[in-house]
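Peer 1: Please see the structure below; I have some questions.
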Amino acid sequence: MGILQNLPQVILAVGGLGTAAFGLVDATKVFWGGVNHIGFSGIRRRIAGLIPHRASNALGQRDVLETLKGNWFNGTDLASQKAIAKSLIKLAFNPDNAEGMAGASGVDPEVLKSVAVSLANGTPLTPAQNDIWARFDLILTALLDETYQRADQQYTNGTRAWAVVFSIALAIVAALIINANATDGVHIAFWESFVVGLLATPLAPIAKDLSSALSTAVNTMQLVKK
């Protein structure tokens, strides 16, 4: 009954462990970006498929990737990141890489290359070119949306997974310390610390609300009983 009576406090303590684990995960960002790298590999592959490694203009693949990497690492709004990526890809668009971009987006390479030539020369686009350019714009938007949404999900899942690892490690270390200093013969089993660490991360966001709700429910039932 002891642990049941103290369940709200236990939930708060376990949730606090999860919060600490998330804090440690966030702290890894100071070490060469840490968990910020999670998800960006998919963005890198997408950009590499659209922009060749070497470009004839000043804005090449490396320049675009460094800009997008900075935005990703700094946590810029996802919609803004997609808009920036789209703008940079269009800025890098030229007759040399038009066919490669056409292959990556599934539009007619010859027509898209003619669009690049017309844009470079300042020539008005024909109806056919306008149609291909509009289709390329829509497809590019869809590709970037898919890429960034998937990257964001990978980042969310990845940080949660690392938080679980940190919370389990913290719980096990705490159990070892308590067991080493125990004088009453009571020891914490390995499986207990593992379970606490496993529950800490999902409980962290709701620990306070859940604890308050349980306390309110207990108080209510006590009043009803009286």
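Peer 1: Restricting the search to the stretch 83-97, which residues are in contact with an Asp or Glu (Cβ under 9 Å, 6 or more places away or on another chain) and buried (at least 18 other Cβ atoms within 10 Å of the Cβ)?
Peer 2: Of everything in the stretch 83-97, those that are in contact with an Asp or Glu (Cβ under 9 Å, 6 or more places away or on another chain) and buried (at least 18 other Cβ atoms within 10 Å of the Cβ) turn out to be Leu88, Ala92.
Peer 1: Name every residue in the stretch 4-34 that is outside any helix (DSSP H, G or I) and modelled with pLDDT of 85 or more, in order of residue number. Walk me through how you get there before you give the answer.
Peer 2: Restricting attention to the stretch 4-34, the residues satisfying the condition of being outside any helix (DSSP H, G or I) are 6, 31-33.
Once the filter is applied, which keeps residues that are outside any helix (DSSP H, G or I) and modelled with pLDDT of 85 or more, the stretch 4-34 yields Phe31, Trp32, Gly33.
Peer 1: Counting just the residues of the stretch 190-226 that are exposed (fewer than 13 other Cβ atoms within 10 Å of the Cβ) and hydroxyl-bearing (Ser, Thr, Tyr), which one comes out farthest from Leu170 (Cα to Cα)?
Peer 2: Thr220
Peer 1: While we're on this one: In the stretch 80-109, what count of residues is obtained for those that are of a type outside the set (Phe, Trp, Tyr), free of Cβ contacts under 8 Å to residues at least 40 places away in the same chain and not in a helix (DSSP H, G or I)?
Peer 2: So the answer is 5.
Peer 1: I'd like to verify a number: residues in the stretch 104-118 that are closer than 24 Å to Arg46 by Cβ, crowded, with 18+ Cβ neighbours inside 10 Å and modelled with pLDDT of 90 or more, how many?
Peer 2: 6
Peer 1: Another question, if that's okay. Between Thr126, Thr67, which is over 30 Å from Gly18 (Cα atoms), within 26 Å of the chain's Cα centre (by Cα) and polar (S, T, N, Q)? If you could, list the steps in order and put the result at the bottom.
Peer 2: Details: Thr126 fails: within 26 Å of the chain's Cα centre (by Cα).
Among Thr126, Thr67, only Thr67 is over 30 Å from Gly18 (Cα atoms), within 26 Å of the chain's Cα centre (by Cα) and polar (S, T, N, Q).
Peer 1: While we're looking at this one, here's another question. Identify, from the list Ile178, Ile168, the residue that is without any contact (Cβ under 8 Å) to a residue 60 or more places away in the chain, surrounded by 17 or more Cβ atoms within 10 Å (Cβ to Cβ) and aliphatic (A, V, I, L, M). Please lay out each step first, then the result.
Peer 2: On the way: Ile178 fails: surrounded by 17 or more Cβ atoms within 10 Å (Cβ to Cβ).
Sole residue among the options that is without any contact (Cβ under 8 Å) to a residue 60 or more places away in the chain, surrounded by 17 or more Cβ atoms within 10 Å (Cβ to Cβ) and aliphatic (A, V, I, L, M): Ile168.
Peer 1: Can you run down the residue pairs with Cβ atoms below 7 Å, 6 or more apart or on separate chains, where the first is in the stretch 38-51 and closer than 23 Å to Ala98 by Cα and the partner is among the basic types (Lys, Arg) and at pLDDT 95 or above?
Peer 2: The qualifying pairs are Gly42/Arg150.
Peer 1: Could you pull out the residue among Leu112, Leu176, Leu198, Leu119 that is within 23 Å of the chain's Cα centre (by Cα) and in a helix (DSSP H, G or I)? Working first, answer last.
Peer 2: On the way: Leu112 fails: within 23 Å of the chain's Cα centre (by Cα); Leu176 fails: within 23 Å of the chain's Cα centre (by Cα); Leu119 fails: within 23 Å of the chain's Cα centre (by Cα).
It is Leu198.
Peer 1: Go through the stretch 35-56 and give me each residue that's touching a Ser or Thr at 6+ places or on another chain (Cβ under 9 Å), at pLDDT 90 or above and not in a loop (DSSP other than H, G, I, E, B).
Peer 2: Once the filter is applied, which keeps residues that are touching a Ser or Thr at 6+ places or on another chain (Cβ under 9 Å), at pLDDT 90 or above and not in a loop (DSSP other than H, G, I, E, B), the stretch 35-56 yields Val35, Asn36, Gly42, Ile43, Arg45, Arg46, Ile47.
The values are calculated or read from the model by the stated rules, or taken from the named source; none is laboratory data. Remember, it's a predicted structure, so these values are computed and weren't measured experimentally. Methodologically, a virtual Cβ is constructed for each residue, glycine included, from the backbone with ideal geometry; neighbour enumeration extends over all protein chains shown.
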